[in-house]
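Take a look at the structure below.
The values are calculated or read from the model by the stated rules, or taken from the named source; none is laboratory data. All of these numbers come straight from a predicted model, not from anything done at the bench. No Cβ is skipped: glycine too gets one built from the backbone with ideal geometry, and neighbour counts run over all protein chains shown.
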Amino acid sequence: VLIWVRRIATVLLRKTRDSKTGKVCQKIDNVYSVMRGAREPSTFEAVAELATNILTWEPPPREEGIGWRVRLELIKAIVRPHEEHHVTIARAPCVVRQLLLVIKQRQNVDCIA
């Protein structure tokens, strides 16, 4: 599992230049976007689990992990309420589960403190 999380994090955090706009972006931006717009609890849960796996991943010694900005944005994306109240209510059990996993790691707590 750790190897796959490492590969996923590497792909999501790689900076690329959009060929149409020339703007530098990262694929992790798509993760934030899906979490923001997901209306179905199962869709939100799948992407929130991906975010949690990245947040709880510990890189091997001498390898760089995710940065504080990405860490904070992932946590905010998990807890950010949806614009429709009933969608936020449906997401609540997943949000609680993911936060309980996220706060087990000190660096995540330090990031949001």
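The set of residues from region 55-64 being within 18 Å of LYS27 (Cβ to Cβ), over 11 Å from the mean Cα position of the chain (by Cα) and either modelled with pLDDT of 85 or more or among the basic types (Lys, Arg) (or both) comprises just one member, TRP57.
Whenever a residue of region 30-45 is within 16 Å of ILE75 (Cβ to Cβ), its partners that are assigned to a loop (DSSP other than H, G, I, E, B), lying with C-beta atoms within less than 8 angstrom and at least six residues away or across chains, give the pairs MET35/ARG80; ARG36/ARG80; ARG36/HIS82; PHE44/ALA38.
Among the residues that make up region 67-89, is at least one of them out of contact with any helix residue (DSSP H, G or I) (no Cβ under 9 Å at 6 or more places or on another chain), touching a residue at least 40 places away in the same chain (Cβ under 8 Å) and over 21 Å from GLN105 (Cα atoms)? Checked region 67-89: at least one residue is out of contact with any helix residue (DSSP H, G or I) (no Cβ under 9 Å at 6 or more places or on another chain), touching a residue at least 40 places away in the same chain (Cβ under 8 Å) and over 21 Å from GLN105 (Cα atoms).
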